[in-house]
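Shown next, in structure tokens, is the structure this report addresses.
The values are calculated or read from the model by the stated rules, or taken from the named source; none is laboratory data. Predicted model only: the values in this text are computed from it and were never measured. Ideal geometry is used to build each Cβ from the backbone, glycine not excepted, and the neighbour counts take in all protein chains shown.
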Amino acid sequence: MFVVDTNILIYAADRDSPDHAKCRKFVQDWRLQSSHWYITWGIVYEFLRVATHPNVFRKPFPMADAWRFLEAVLASPSAGVLVATERHQHVASEVFTVVRDITGNLVFDAHTAILMKEHDVKTIYTRDTDFNRFPFLDVIDPI
């Protein structure tokens, strides 16, 4: 079980990215595997925010195209979305106690890490080194 972070999905969708072919292959392979893998609703909305943003891409994705990409990702029988449970507040409290200096943009990553801990998912595929601050995660940069 693992989580795929926004940046891997962006590279998989963006044909102009130098990492496009590698990330697209990863996502295609994950979609075909039988073991479970996940994203979060936060990752979904961050993908949509980045993919459609005119200051990020010369030709940003139209919302319909960005959403269609995510629908294809989530159509995989092995893909799922991690959501908060009744334990979320308790797990968040634990993480905020263990990992110091969670502020600003790291709060978003903390939310992903908290959901992962809550669901006992230990591995995240990402290019974001900030996830290394969470000692309970195995961070894999597939590039």
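The single residue among Ala113, Ala12 that is part of a helix (DSSP H, G or I), more than 22 Å from Arg133 (Cβ to Cβ) and either of a type in the set (D, E, K, R) or modelled with pLDDT of 95 or more (or both) turns out to be Ala12.
A Cβ distance below 7 Å, combined with a sequence gap of six or more or placement on separate chains, defines the contacts here; from segment 112-130, residues that are within 14 Å of Thr6 (Cβ to Cβ) and free of Cβ contacts under 8 Å to residues at least 60 places away in the same chain reach residues that are surrounded by 15 or more Cβ atoms within 10 Å (Cβ to Cβ) and among the hydrophobic types (A, V, I, L, M, F, W, C) in the pairs Ala113/Val95; Ala113/Phe131; Ala113/Phe134; Ala113/Leu137; Asp130/Leu106.
Going through segment 37-50 one residue at a time, which ones are assigned to a helix (DSSP H, G or I) and either within 9 Å of the chain's Cα centre (by Cα) or within 18 Å of Ala79 (Cβ to Cβ) (or both)?
Trp41, Gly42, Ile43, Val44, Tyr45, Glu46, Phe47, Leu48
Scanning segment 116-138 for residues that are hydrophobic (A, V, I, L, M, F, W, C) and in a helix (DSSP H, G or I) yields a count of 2.
Condition first: outside any loop (DSSP other than H, G, I, E, B) and either of a type in the set (A, V, I, L, M, F, W, C) or on the phi > 0 side of the Ramachandran plot (or both). Now tell me which residues in segment 80-110 satisfy that. Before the answer, list the steps.
The first filter runs over segment 80-110 and keeps only residues outside any loop (DSSP other than H, G, I, E, B), leaving 80-82, 88-98, 106-110.
Result: Val81, Leu82, Val91, Ala92, Val95, Phe96, Val98, Leu106, Val107, Phe108, Ala110.
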